[in-house]
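Just so it is clear, none of the values below were taken in a lab; they were calculated from the coordinates. Since we're looking at a predicted model, the values are computed, not measured. Methodologically, a virtual Cβ is constructed for each residue, glycine included, from the backbone with ideal geometry; neighbour enumeration extends over all protein chains shown.
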Amino acid sequence: MVNDSLAYSARAAHDWGLASWLGGSMFGKFALNPAVAGVSDKTERGKVVNSAWGAYGIVNSLSLAAVTVGWLGARATEARPDRLTQRERTLAKVKDALVPAAVVSGVATGIQGARLAKQAPNGAVPIERGNKPAPETPPEAASIQRTIGKLGTVNILSGVGIVVVNALLAQANHSRPPLRRALLRRN
């Protein structure tokens, strides 16, 4: 049996990680990246985007780690297959696929972002928007930038998938009668 305080802490870390990683990624993709088009100098656009993502990288890394550790901890305790209904087992398996997809796409995006920032001094790669190359963007940098856009989409979709699965799992748990929840917990 796992200590309730430890389980609550792991769940809180998981949820914090999910919120900060997904929220930050969505803000970057849908707000920051398009907004830099308002900066007149295209190399300054690249400098701003690369600087912002570089600064948020530690938050994204810690967040993805918290999501992963929280889910692995849950799978070893309260989300073990023998403690779940068939529907919950199916949802847990979906989440088992989504969490690694989020981590892999997140890490790959970070690596590509670091590569892009190194394509020019101070990350000043000429860009149209955060994930759209400008006509004068060097070919290698443009390729990296397009890859970042695709990986970012996969990363966000996996995060949204995790949120949906979490909501369905929570609803299933709330729908289960309290006595049954208590009996399952003692097993």
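Quick look at the values:
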{"read-out": "Value of Rg/Rh across region 15-64 [Cα atoms, Kirkwood radius]", "value": "1.05"}
{"read-out": "Local electrostatic count, residue 124, Cβ distance below 13 Å [Lys/Arg +1, Asp/Glu -1]", "value": "+1"}
{"read-out": "The chain, dipole about Cα centre (Lys/Arg Cβ +1, Asp/Glu Cβ -1), debye to the nearest 20", "value": "680 debye"}
{"read-out": "Shape metrics for the chain, restricted to C-alpha atoms - Rg then Dmax, Å", "value": "19.9, 65"}
{"read-out": "Computed magnitude of the charge dipole of region 1-60 (debye, nearest 20; Cβ of K, R +1, Cβ of D, E -1)", "value": "220 debye"}
{"read-out": "Three-way shape call for region 110-162 based on the alpha-carbon gyration tensor, with the a/c threshold at 1.5", "value": "prolate"}
{"read-out": "Selected from 127, 112, 65, residue furthest toward positive end of dipole (the chain; charges at beta carbon)", "value": "65"}
{"read-out": "Length released on extending from residue 153 to residue 75, taking residue separation times 0.36 nm less the Cα-Cα span", "value": "25.4 nm"}
{"read-out": "Those lysines that a straight Cα-Cα span of less than 21 Å connects to residue 132, excepting residues fewer than 8 apart in one chain", "value": "29, 42, 47, 118, 150"}
{"read-out": "Helix-only [θ]222 nm of the chain, DSSP H runs n ≥ 4, -39500 (n - 2.57) each, per residue, nearest 500", "value": "-26000 deg cm²/dmol"}
{"read-out": "Residue among 84, 32, 53 farthest towards the positive dipole end of region 1-149, charges placed on Cβ", "value": "84"}
{"read-out": "Pairwise label distance in nanometres, residue 122 with residue 40, each label 7 Å out on the Cα-Cβ vector", "value": "1.7 nm"}
{"read-out": "Alpha-carbon centroid distance for the pair region 2-19 / region 31-96, whole angstrom", "value": "16 Å"}
{"read-out": "Theoretical gain in end-to-end length, residue 6 to residue 160 [0.36 nm per residue, Cα-Cα removed]", "value": "52.9 nm"}
{"read-out": "Taking 127, 156, 111, 58 and counting other C-beta atoms within 10 Å, the order from fewest to most", "value": "58, 111, 156, 127"}
